[in-house]
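The values are calculated or read from the model by the stated rules, or taken from the named source; none is laboratory data. Here the structure is a predicted model, which is why all the values come from computation and not from measurement. So basically every Cβ, Gly included, is an ideal-geometry build from the backbone, and we count neighbours across all protein chains shown.
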Amino acid sequence: MAVEEAPPRERQAEERATIPAGIVILVVVTSLLIGLFLNAPDILRTAQRQEPGWERTIGVALMEPVAAVSHFLFLDRPRMLIDSILGRERPQPEAATPPTTAPPATTPATTMPATTLPSDTRREVSAADPLIMYIGGDSMVGQFGPMLDNRASKTGMVESEVVYEFESGLSRPDFIDWPQRLVQVSEELDPDVFVLYFGGNDAQSIYMPDGSWIEFDTPEWEEEYRRRVDDVMTLLEERGHWVYWMGLPIVSSETFQERVRLMNSIYEEVAEAHPRVTFIEAWSLFEGPDGGYSEYLPDEEGNLVDMRLDDGVHYTTAGAIRLANHTFEIIAEDWEIPLE
Amino acid sequence: MLFPTIQFAIFFVVVLTANWLLLPHRRQWKLFMLGASWFFYGSWDWRFLFLLIGSTVLNQVAAVLMGRSRDQRSRRLVLGGAVAANLGIIAWFKYYGFFVTSAINFFRTFGIDLPLPLLEITLPVGISFFTFQALSYVIDVYRQKEEPAPLLDFAVYLAFFPQLVAGPIVRSTEFIPQLYTRKDPRRVDAAGGFALIVGGLFKKVVVANTLAGAIVDPVFASPSQFTALEVLVGVYGYAVQIYADFSGYTDIAIGAATLMGFTFPDNFNNPYTALSIQDFWRRWHMTLSRWLRDYLYIPLGGNRGTRTRTYRNLMLTMLLGGLWHGAAWTFVIWGGYHGALLAWERWRSETGRATGPDTPGRRILARLTTFHLVCLGWILFRADSMARVGEILSRLLDWGPAPSVTPAVLALVVGGIGVQFIPSDFRVTLVNSFSRLRPAAMTAALAGSLLLLDGLGPEGVAPFIYFQF
């Protein structure tokens, strides 16, 4: 076999100075504390984006004063400088605190310029004038998005952009304000089609613009979530876009299955009221022969393949290909794009 | 509990403090470290803690039985049972789905439906690493290279948190004696530990995570969207990413152990400077290479038999090494590819075809060839199917504009490879200079590093690649 002996250990050089363990601990603790102040805005933001619960409460309660002191002492400025050099727009603590005025994040439709409803006919798509497709959403897009992009691009008649944000969704506009972001995409990219995938992180309390929370699994939650889904569909429809709203697949956890059913039913029902929105059902596409969750399903050639990741929610590449093919068949039929 | 998180930082401060405070109380130290390590492992999924405890008990019982027995036959029987049980556990958790689907798909081609149950089995993090450590222990006891250790010592060895989930694969003969070595709390190699931890974090958070998002993941997900140069840089990028990710983890593990007064074996030694594939395996995941050498290649006969048997042994070792990395045919093929290259190099050397003057030009050519052969292997390793491998290779012929190859991506790829050519002496000098700083200056340097790490790395904490193995 290849290995015979280890190379010289550079970290054991004889001339190296050593220090007592007590000083080592002091150096570690002090540098971590200074690091905490230097990175306070980002750490506060990380604490704030957590799901409601004791960890978030404690994290935010600890980090808010640290961030305030860091800002007061100008300790956060080097970090802001790095972010600005790298062109990153990371919100500062003040911006991340709950707004107390009007709720722009959850009512984008009311902030839109007045538009006349566009015509119901789809434009003709060709290689010279390809379909512009935006694929966005939470981590479910991570595997699915590139596979849909891959499948669609094979026709030579589709150009796609794939964007996804981990841990995001419609419940937490304080973290990623998706409606606002979609408005921006509408203005800058003006895609023909939005393929949207949400829900993976939405089965949690909803953050309201006044800083309050609506608890999950209550009639108020369902009403507010339904309104948010409707708002997104309305705003994109009014801007002349066509929307394909992805449903969530069957998941391994029975508790989570109930939540997924609830969200899928909301997406499907709201989509029915929007002529330019198509709900793409994914639940049954990933059911096993017995109608339950199955990690392994046959691929196009009939071979059993691992379709789902160990978390029982996300797709493997094979699973993403399965859903992407199914989704693109629907899109291609709508837009009269030959599949090959 | 991932290394680059606040949770781990808090955990480590507590453990580091207790480590030195409890030093004079050996038993309390072991009990505390065992509890802390189990807590660390349980933070992923507490149910798998029972697996780790089960593995500890199983292997310790086997070691004690072998230690007590004078009868070679019964010792061999116990060893066989222990090895089978260890491999059985890993086969169940890691390979069940792979073997069952492979069997079903194979028989389906002949029209036979195998009624094998498909189960959803979650892979416990680090199972390949601690199982290999446990195997090395029972085999070494069988070979009488070491006596069975006390249960508490063995439990601490198997669970010790720095190397538990992704190596390096430390031998019990390297670790357990250190439990009895008197550590001097007045002389801690802080600079060495800090340099490894900060360097490891930089490799993981800045280099590996940035490259993954900027070029590697998109290229491997949809190669057809990219031109030849982008795919080529994507492949080079993956070579740098996997090195930075894995060696970053082991650097942090070795650095954390150093601060606690422990010495771990090195796991990487500038692998992309290798002059041959054999040289590469002397420099890449060195603790796995020596494990495979000592517990698989040599027992198979090593290079003691005929030339053909040597090639067979090399191939078998690398095939199993490939399978160790993951339950997929691409990993097996990757292992076979490296086995074939090792056999080919050996054949060239043995038949006198690899001779010639050792000129700088030849060395450059050898390095370039080795690096590109390794990169070709990485395509097999990273791609999720052979169809995707073909797609990636075919894209290498389609030249065109390469907007994804940004200056930042190029800098990380070139820097990630180039840094391996910096002489070790220079790095030693740098760390030694750092060691002579006053504690306040050292603190400032570390705090500044934390600022850069968090500021330069992409948002979020991606798990280490080798966690899945």
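Per-structure values
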quantity: In the range A:29-48, the residues that are of a type in the set (A, V, I, L, M) and within 10 Å of chain B (Cβ to nearest Cβ); calculated: A:29, A:32, A:33, A:34, A:36, A:38, A:43, A:47
quantity: Residues of the range B:261-282 satisfying the condition of being under 24 Å from residue B:191 (Cβ atoms) and at the interface with chain A (Cβ under 9 Å from one of its Cβ atoms); calculated: B:261, B:263, B:265, B:266, B:269, B:270
quantity: Every residue from the range B:428-444 that is over 16 Å from residue A:16 (Cα atoms) and within 8 Å of another protein chain (Cβ to nearest Cβ); calculated: B:443, B:444
quantity: Yes/no for residue A:102 being exposed (fewer than 13 other Cβ atoms within 10 Å of the Cβ) and either more than 12 Å from chain B (Cβ to nearest Cβ) or at pLDDT below 75 (or both); calculated: yes
quantity: Selection count where residues are crowded, with 18+ Cβ neighbours inside 10 Å and not charged (D, E, K, R), scope the range A:61-81; calculated: 6
quantity: Unique residue being touching an Asp or Glu at 6+ places or on another chain (Cβ under 9 Å), within 14 Å of chain A (Cβ to nearest Cβ) and modelled with pLDDT under 95 when the list is B:111, B:67, B:97; calculated: B:97
quantity: Residue satisfying all of: in the range A:49-60; farther than 18 Å from residue B:9 by Cα and within 13 Å of chain B (Cβ to nearest Cβ); surrounded by the most Cβ atoms within 10 Å (Cβ to Cβ) among these; calculated: A:49
quantity: Residues of the range B:1-46 classified as within 30 Å of residue B:208 (Cα to Cα), free of Cβ contacts under 8 Å to residues at least 60 places away in the same chain and within 14 Å of chain A (Cβ to nearest Cβ), total; calculated: 10
quantity: Looking only at the range B:57-97, and only at residues there that are of a type in the set (D, E, K, R) and exposed (fewer than 13 other Cβ atoms within 10 Å of the Cβ), the one that is nearest to residue B:325 (Cα to Cα); calculated: B:73
quantity: The range A:204-231 - residue that is in contact with a strand residue (DSSP E or B) (Cβ under 7 Å, 6 or more places away or on another chain) and among the β-branched types (Val, Ile, Thr) and, of those, farthest from residue A:168 (Cα to Cα); calculated: A:214
quantity: For residue A:174: the one exception among (1) modelled with pLDDT under 95; (2) closer than 29 Å to residue A:130 by Cβ; calculated: (2)
quantity: Positions within the range B:356-400 being touching a residue at least 40 places away in the same chain (Cβ under 8 Å) and not in a helix (DSSP H, G or I), in sequence order; calculated: B:383, B:384, B:385, B:396, B:397, B:398, B:399, B:400
quantity: Residue that is nearest to the other protein chains (Cβ to nearest Cβ) [pool: residues in the range B:415-427 that are surrounded by 13 or more Cβ atoms within 10 Å (Cβ to Cβ) and of a type outside the set (Gly, Ala, Ser)]; calculated: B:427
quantity: Condition met for residue B:61 (among the β-branched types (Val, Ile, Thr), in contact with a helix residue (DSSP H, G or I) (Cβ under 9 Å, 6 or more places away or on another chain) and either over 30 Å from residue B:75 (Cα atoms) or touching a residue at least 40 places away in the same chain (Cβ under 8 Å) (or both)); calculated: no
quantity: Pair list, Cβ under 6 Å, 6 or more apart: the range B:178-193 residue free of Cβ contacts under 8 Å to residues at least 24 places away in the same chain, other residue surrounded by fewer than 24 Cβ atoms within 10 Å (Cβ to Cβ) and assigned to a loop (DSSP other than H, G, I, E, B); calculated: B:186/A:20; B:187/A:18
quantity: Selected residue (criterion: nearest to the chain's Cα centre (by Cα)) from residues of the range B:69-102 that are within 17 Å of residue B:144 (Cα to Cα) and hydrophobic (A, V, I, L, M, F, W, C); calculated: B:83
quantity: Sole exception among (1) within 27 Å of the chain's Cα centre (by Cα); (2) away from every other protein chain (no Cβ under 14 Å) for residue A:337, by number; calculated: (1)
quantity: Qualifying positions in the range A:185-200 - in a loop (DSSP other than H, G, I, E, B) and farther than 20 Å from residue A:271 by Cα; calculated: A:189, A:190
quantity: Residue match in the range B:119-141 (condition: in a helix (DSSP H, G or I), aromatic (Phe, Trp, Tyr), under 17 Å from residue B:81 (Cβ atoms) and modelled with pLDDT of 90 or more); calculated: yes
quantity: Residues that are in a helix (DSSP H, G or I), of a type outside the set (S, T, N, Q) and over 24 Å from the mean Cα position of the chain (by Cα), drawn from the range B:17-46; calculated: B:18, B:20, B:21, B:26, B:27, B:29, B:30, B:31, B:32, B:35
quantity: Check on residue B:312, within 11 Å of chain A (Cβ to nearest Cβ) and basic (Lys, Arg); calculated: no
quantity: The range B:220-246: number of residues that are within 12 Å of chain A (Cβ to nearest Cβ), in contact (Cβ under 8 Å) with a residue 60 or more places away in the chain and either under 19 Å from residue B:284 (Cβ atoms) or over 24 Å from the mean Cα position of the chain (by Cα) (or both); calculated: 3
quantity: Matching residues, the range B:331-348, being without any contact (Cβ under 8 Å) to a residue 60 or more places away in the chain, more than 19 Å from residue B:246 (Cα to Cα) and either not aromatic (Phe, Trp, Tyr) or not assigned by TED's automatic domain parsing to the domain that holds residue B:287 (or both); calculated: B:332, B:333, B:336, B:339, B:340, B:343, B:348
quantity: Of all residues in the range B:285-302 being more than 9 Å from chain A (Cβ to nearest Cβ) and assigned to a loop (DSSP other than H, G, I, E, B), the one that is nearest to residue B:381 (Cα to Cα); calculated: B:285
quantity: Neighbours by Cβ (under 6 Å, 6+ apart or cross-chain): first from the range A:121-143, under 15 Å from residue A:192 (Cβ atoms) and in the same structural domain as residue A:166 (by TED's automatic domain parsing); second among the charged types (D, E, K, R) and part of a loop (DSSP other than H, G, I, E, B); calculated: A:131/A:192; A:132/A:192
quantity: Count of residues meeting criterion [in contact with a helix residue (DSSP H, G or I) (Cβ under 7 Å, 6 or more places away or on another chain) and either β-branched (Val, Ile, Thr) or not assigned by TED's automatic domain parsing to the domain that holds residue B:64 (or both)] in the range B:104-142; calculated: 7
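Here is a yes/no grid of residues against (1) loosely packed, with under 12 Cβ neighbours inside 10 Å; (2) over 21 Å from residue B:325 (Cα atoms):
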residue	(1), (2)
B:358	yes, yes
B:361	yes, yes
B:364	yes, yes
B:374	no, no
B:384	no, no
B:387	yes, no
B:396	no, yes
B:403	yes, yes
